[in-house]
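Some notes on the structure that comes next.
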Amino acid sequence: MNIHEYQSKQIMREYGIHVPEGYPAFTVEDALENAKRLDTPVVVVKAQIHAGGRGEAGGVKLARSLDEVRKYAKELLGKVLVTRQTGPQGKTVNRLLIEAGCHIKKEYYLSFVVDRQAECVVMMGSESGGMSIEDVAAENPEKIIKEYIDPVIGLADFQAQRMAYALHFEKPTIRKAATFMKYLYNVFVDKDCSLAEVNPLVVTEEGDVMALDAKLNFDDSTLSRHPEIVALRDITEEDQKEREAAAEGLNYVNLGGDVACMVNGAGLAMATVDIIKENGGEPANFLDVGGDSTPEKIVAAFRIMLEDDQVDGILINIFGGINKCDVIATGIVEAAALLSGGKEEFPIPVVVRLEGRNVERGREILAKADIKNLYPASSMDEGAKLAIRLAKETREKK
Ligand code: ADP
Ligand code: MG
């Protein structure tokens with residue numbers, strides 16, 4: 001689960017981390033009210049969306065008067081912001097953070113994530129912080145310094161200090177920087193984060209060490225013990241299809257492409273996404289219908305896939321085990337009938353590859369139903385290629 005920058009900053013503040021004074025705003029009036037309350041020469045108007053890269057995309061504005069605050073707030077509220085992290089469809093700005101501007105002397109990068117290979121939390125830092133850390137990671141990975149943290153000992157003082165020296169903090173700020181790291185580590189552990197990132201962490205002209213940006217992501221499987229985090233959820237930021245799928249008990253992740261897949265088993269679902277990509281297609285989603293699939297679940301999955309015009313073709317890839325192929329086939333036939341008002345056709349091409357338990361019966365059911373726009377495939381590779389080609393044809397006809 002993700003939360004907004006201003007919410008992350010509030011949590012960090014509670015843990016002793018220095019952040020600029022700031023308040024959220026939902027309207028232009030709120031924004032002006034907050035700016036008056038701050039009473040600083042420079043007020044920063046920041047779009048609050050669950051994605052970074054806002055600075056480059058015009059989502060962070062420095063205002064030097066109330067008129068400018070009004071102008072930027074008007075401009076940003078309701079705007080669809082497209083950043084390098086939002087995808088081409090962008091995200092609508094519904095909230096702003098109105099924050100005191102500060103005198104930046106230098107920008108750093110600092111984050112904590114779980115390193116699965118090392119099986120521990122890793123702290124990453126760079127003195128090339130700010131808006132293009134992705135480029136630094138791609139072009140100069142040696143500029144990113146890591147400290148692996150023993151889960152029993154936690155972040156040791158010497159590690160925090162070693163990081164501060166490695167990032168060339170100046171003498172008077174070394175201790176503050178190291179303390180900052182320790183506090184952020186406390187947030188990460190206490191709140192069961194999957195990511196805690198501050199970019200930029202800044203040293204100000206006045207010698208303060210502060211978080212100018214803040215991003216916390218939480219491990220969904222721990223949310224039951226964090227009602228205070230769940231309360232911060234902003235469902236308008238979450239993918240609508242993912243929410244609906246979760247309500248139906250389906251494991252669904254929107255991947256943005258146009259070739260949808262419906263698969264049983266997470267491993268096979270990932271392999272199916274890969275094989276679509278490998279053959280030059282763009283997968284629309286990851287979907288694991290699970291081992292206990294019912295015709296109702298199959299119908300629900302179709303509805304979610306077809307509710308907007310994102311998808312141009314569907315690949316169904318089922319390996320019958322606990323899930324019997326004939327049950328899946330029945331679900332597909334029912335879905336076709338329901339979706340077409342009894343006409344037994346799909347609005348877009350659906351390629352089906354069945355294998356495993358009761359496969360013969362499953363294929364028979366599909367063949368007998370004679371559904372328009374339904375194509376059988378005998379292998380994964382053939383199915384992927386066919387789905388991609390048919391999706392392309394559908395798109396060209398649109
Ligand atoms: P994003 O990472 O989404 O681009 P940031 O919050 O990092 O958004 O803001 C982008 C840049 O804007 C920062 O690198 C910093 O230079 C500047 N900035 C952000 N907040 C402030 C602030 N309170 N005072 C001065 N400059 C700021
Ligand atoms: Mg940032």
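Helical content alone sets the calculated 222 nm signal of the chain at -11500 deg cm²/dmol, taking -39,500 (n - 2.57) per DSSP H segment of four or more residues and averaging over every residue. In order along region 19-26, the Karplus-derived 3J(HN,Hα) couplings, from 6.51 cos²θ - 1.76 cosθ + 1.60 at θ = phi - 60°, round to 10, x, 5, x, 9, x, 9, 10 Hz, and Gly and Pro are given as x. Exposure proxy shown here: for Cys102, Cys261, the number of other Cβ atoms within 10 Å sets the order, fewest to most, as Cys102, Cys261. Normalised size of region 98-219, defined as Cα radius of gyration per 2.2 N^0.38 Å with N residues, equals 1.01. The relative contact order of the chain comes to 12 percent, based on Cα pairs under 8 Å that sit 6 or more residues apart. Charge tally around Glu244: other residues with Cβ under 15 Å, Lys/Arg +1 each, Asp/Glu -1 each, net -3.
Principal axis extents of the Cα atoms in region 240-397, from largest to smallest and rounded to whole angstrom, are 33, 30, 30. Remark: Glu237, Glu56 ranked as Glu56, Glu237, counting other beta-carbon atoms within 10 Å and listing the fewest first. Its relative contact order, with pairs defined as Cα atoms under 8 Å and 6+ residues apart, puts region 1-152 at 21 percent. Backbone amide hydrogens, once placed in the peptide plane, bring Val352 within less than 5 Å of Ile316, Tyr375, Ala377, excluding anything fewer than 5 places away on its chain.
The magnitude of the dipole of region 21-101, with charges of +1 and -1 set on the Cβ of Lys/Arg and Asp/Glu and taken from the Cα centre, is near 280 debye. Summing charges over all other residues whose Cβ lies under 12 Å from the Cβ of Asn264, with Lys and Arg as +1 and Asp and Glu as -1, gives +1. Each residue, Lys368 and Ala100, gets one label point 7 Å from its Cα in the Cβ direction; the gap between the two is 7.5 nm. Using the Cβ of Val253 as centre and a radius below 11 Å, the other residues enclosed give a net charge of -2, where K and R count +1 and D and E count -1.
Counting only DSSP beta bridges whose two residues both lie in the chain, roughly 75 percent are antiparallel. Sorted fewest first by neighbouring Cβ atoms within 10 angstrom, Met124, Met163 come out as Met124, Met163.
If you model the chain as an ellipsoid using its alpha carbon gyration tensor, with each semi-axis the square root of five times an eigenvalue, the axes come out at 47, 25, 18 Å, biggest first.
Please list the helices of the chain that count as membrane-span-like by this rule: a mean Kyte-Doolittle hydropathy of at least 0.0 together with Cα atoms stretching 20 Å or more along the helix axis, each helix being a complete DSSP H run. If you can, show how the numbers build up before the last one.
On the way: long enough: 171-190 (30 Å, -0.05); 325-339 (21 Å, 1.77); 380-397 (26 Å, -0.91).
Those that clear 20 Å and a mean of 0.0 are 325-339.
Each reported figure results from applying straightforward, stated rules to the coordinates on display, with no laboratory input. Because the structure is predicted, anything quoted here is derived from the model rather than measured. In this analysis, Cβ positions are derived from the backbone assuming ideal geometry, glycine residues included, and neighbour counts consider all displayed protein chains.
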